[in-house]
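Below is one structure, written out as structure tokens, with a few remarks after it.
The values are calculated or read from the model by the stated rules, or taken from the named source; none is laboratory data. This one's a predicted model, so the numbers in the text were calculated from it and none came from an experiment. Cβ: placed from backbone, ideal geometry, glycine included. Neighbour counts: every protein chain shown. We work out accessible area using only protein heavy atoms, side chains counted, and drop any ligands, DNA or RNA first. Shrake-Rupley method; radii C 1.70, N 1.55, O 1.52, S 1.80 Å.
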2 protein chains.
Amino acid sequence: LKLLIHQSALRRVEERLRHVGVPLDLIVVGDDGIAREGGQEIANTDIRPEAIWLSLDTWEKKHMGPFMTAALSAPGLKWVQTFNAGMDSPIFKQIFDRGVRMSASSAQAVAIAEFAMAHVIAEWHPFATYREAQRAHDWKRIRFDEISQSHWLVIGYGNIGREIARRAHGFGAKVTGVRRSTAPDEFAERMVTQAEVSAVLPSADVVVLACPLNEATRDMADAAFFGAMKPNSVLVNVGRGGLVDETALAAGLAADKPRLAILDVFREEPLPADNALWDHPKIRVSAHASSFGSGTITRGDQLFLDNLARYLKGGALINEVSASSF
Amino acid sequence: LKLLIHQSALRRVEERLRHVGVPLDLIVVGDDGIAREGGQEIANTDIRPEAIWLSLDTWEKKHMGPFMTAALSAPGLKWVQTFNAGMDSPIFKQIFDRGVRMSASSAQAVAIAEFAMAHVIAEWHPFATYREAQRAHDWKRIRFDEISQSHWLVIGYGNIGREIARRAHGFGAKVTGVRRSTAPDEFAERMVTQAEVSAVLPSADVVVLACPLNEATRDMADAAFFGAMKPNSVLVNVGRGGLVDETALAAGLAADKPRLAILDVFREEPLPADNALWDHPKIRVSAHASSFGSGTITRGDQLFLDNLARYLKGGALINEVSASSF
């Protein structure tokens, strides 16, 4: 099997690749961004792999060029493992439409879920009150609202949404999940479809957007959505900026529906320095970095190795992309 | 059955008490702190209940007098339901030694566990860095250490410790529990006895004290304990102040073993205004208030009603106190 891989990824998995049971021909993109096969430099248009591992390294080191050229045009390409969870970037549809098998990544799900839960908790418990009491040496018994008494609406119950539900459920919260299939899941009291979201919103204390961006979900959080939210609720967007009408959100925040928005994604990224969202007192901005947890790389490596074994056996891939993924 | 109850508690459960299946004679301590039976005031020494519900109201309204007098001296007393989780106050041993059945409270476990988890998370994720980047309109991809990659040592795996383990496990953390019985539990990878704590400390990122205070646990966190801790770890004490040698803790913090201590309980409470712990930059002080969650009262009411039904059937009580509880 001929595999296109980044040198940084290769260093981490080299030892484990020896045990896959078939000889591997490697085309390696070096730390200089140049592809080499058997030590010889080759032009991007000459890269002819059967499989491509688009590991997170390719993005972090800005070495997407050789990978994208091969993914979009190399003949004989059969499989691409991406580091992306969502397939909304048009390039993925182009690759898929070539007849190439693709598998998305669930490696960031744990990090994103932890980010969402941690950022809600940091705003939910009265930490400023604790700090102030300590500063004043005030032995004050501070009460707090329990997350255990809250209701979470997790819109998009894929790998990420389910990890969020696992954590909220662990805290004793009630979780309503939203996905196409309403088959039950152990971490959700209830599973509904997108059509039922507006009926659940008035009772949800925390609403998390963790769904893909597509024609059915674009601008989902609009004026009617915010109008239906529970007063003093919290909105979290770890999905895509296009899910939220940012003008409608500002109007919702003015009415405390929600009282706070934790936004990791935006319609325009990077969020322009002069965008008013940066200074909104009821918005927490982070830079599309909810996946930047310390375990994401390791989970991504394991996912690739697991999928490589499945590919070689001719079986279904974990997170395999289908026409309905777009 | 003749029951001593606080008026505030009675208001919440009055309707549900009608369904217990036996006639109840109530001695009610009013919002004025005075006990009345059939509407007539009675002296504390004349209160003769078969059962006492020492609900949280008695503590909050400073109306312990009639309850404690009856618990310590009323003839014919058979059962006391307390709001306390720990039986270290000598008065409980006195009541138990009279031959009175006692049941402790697990109603605060969910609140205390949520408090512990929330306060660790608030210190674990780099919230100050997120705030600073937002203030500066800086689109900065901030990395974070995942709790999913951490190891928690939960010393005291009773109602409270197990709820802490449930939450840490929900985040994907590895949990080692400490209790007398090393029988396995779904939320802990490993269960050890107190004798093994020093062997686990060097690998624990978060150490939570949630055990009772007794002769076996007093001053457990001493110089040797801190010396064995992992550098940059976090200590949480939601048990009792007497578990920690506060002088040894200060020395441990100076060496970042632990780097931070989240303390809700102290050797002297209220913590005196001139105690140096208040101003220690590596200590977070709260006022023995980890149980002050919004669900504690409701869970306490339900626990009393469940135990009342068990008492009337002659069965074992939930959290029934035994000689080994002291």
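Just to be sure, is residue B:233 polar (S, T, N, Q), at the interface with chain A (Cβ under 10 Å from one of its Cβ atoms), open to solvent by less than 10 Å² (accessible area, probe 1.4 Å) and under 23 Å from residue B:218 (Cβ atoms)? It would help to see each step written out before you state the result.
Working: polar (S, T, N, Q): yes; at the interface with chain A (Cβ under 10 Å from one of its Cβ atoms): no; open to solvent by less than 10 Å² (accessible area, probe 1.4 Å): yes; under 23 Å from residue B:218 (Cβ atoms): yes.
Spelling it out, it is not the case that residue B:233 is polar (S, T, N, Q), at the interface with chain A (Cβ under 10 Å from one of its Cβ atoms), open to solvent by less than 10 Å² (accessible area, probe 1.4 Å) and under 23 Å from residue B:218 (Cβ atoms).
Determine whether residue B:163 is over 30 Å from residue B:83 (Cβ atoms), open to solvent by less than 50 Å² (accessible area, probe 1.4 Å), at pLDDT 95 or above and within 12 Å of chain A (Cβ to nearest Cβ). In short, no. Only residues that are open to solvent by 10 Å² or more (accessible area, probe 1.4 Å) and touching a strand residue (DSSP E or B) at 6+ places or on another chain (Cβ under 6 Å) were counted across region B:261-277, and they come to 1.
Kindly check whether there is at least one residue in region B:262-281 that is modelled with pLDDT of 95 or more, assigned to a helix (DSSP H, G or I), of a type outside the set (A, V, I, L, M, F, W, C) and out of contact with any Asp or Glu (no Cβ under 8 Å at 6 or more places or on another chain).
Kept after step one, since they are modelled with pLDDT of 95 or more, are these residues of region B:262-281: B:262-281.
Next, only the ones that are assigned to a helix (DSSP H, G or I) stay: B:276-279.
Narrowing further to those that are of a type outside the set (A, V, I, L, M, F, W, C): B:279.
Those still in the list that are out of contact with any Asp or Glu (no Cβ under 8 Å at 6 or more places or on another chain) too: B:279.
Yes, because at least one residue in region B:262-281 is modelled with pLDDT of 95 or more, assigned to a helix (DSSP H, G or I), of a type outside the set (A, V, I, L, M, F, W, C) and out of contact with any Asp or Glu (no Cβ under 8 Å at 6 or more places or on another chain).
Scanning region B:124-140 for residues that are buried (at least 18 other Cβ atoms within 10 Å of the Cβ) and within 14 Å of residue A:289 (Cα to Cα) turns up B:125, B:127, B:130, B:133, B:134, B:139.
The condition of being more than 27 Å from the chain's Cα centre (by Cα) and part of a strand (DSSP E or B) holds for only one of A:36, A:48, that being A:36.
Only one of the numbered conditions (1) of a type in the set (Asp, Glu); (2) away from chain B (no Cβ under 14 Å); (3) open to solvent by less than 60 Å² (accessible area, probe 1.4 Å) is not met by residue A:189, and that is (3).
Quick one: is residue A:106 hydroxyl-bearing (Ser, Thr, Tyr), closer than 22 Å to residue A:297 by Cα and out of contact with any helix residue (DSSP H, G or I) (no Cβ under 8 Å at 6 or more places or on another chain)? Taking the combined requirement at face value, the residue does not satisfy it.
With the requirement that a residue be part of a helix (DSSP H, G or I), within 30 Å of residue A:209 (Cβ to Cβ) and of a type outside the set (D, E, K, R), what does region A:117-137 give you? Result: A:117, A:118, A:119, A:120, A:121, A:122, A:124, A:127, A:128, A:129, A:130. Evaluated against (1) of a type in the set (Gly, Ala, Ser); (2) assigned to a loop (DSSP other than H, G, I, E, B); (3) more than 14 Å from chain A (Cβ to nearest Cβ); (4) open to solvent by less than 50 Å² (accessible area, probe 1.4 Å), residue B:248 falls short on exactly one condition, (2).
Applying the selection to region A:106-123, what residues are open to solvent by 10 Å² or more (accessible area, probe 1.4 Å), closer than 22 Å to residue A:320 by Cβ and facing chain B (nearest Cβ under 10 Å)? The one that is open to solvent by 10 Å² or more (accessible area, probe 1.4 Å), closer than 22 Å to residue A:320 by Cβ and facing chain B (nearest Cβ under 10 Å): A:110.
Scanning region B:13-56 for residues that are touching a Ser or Thr at 6+ places or on another chain (Cβ under 8 Å) and touching a residue at least 60 places away in the same chain (Cβ under 8 Å) gives B:55, B:56. Screening residue A:127 on (1) more than 20 Å from the chain's Cα centre (by Cα); (2) more than 8 Å from chain B (Cβ to nearest Cβ); (3) farther than 18 Å from residue A:237 by Cβ shows it passes everything except condition (2). Scanning region B:138-158 for residues that are assigned to a loop (DSSP other than H, G, I, E, B), within 10 Å of chain A (Cβ to nearest Cβ) and not aromatic (Phe, Trp, Tyr) yields B:138, B:140, B:141, B:142, B:143, B:145, B:146, B:150.
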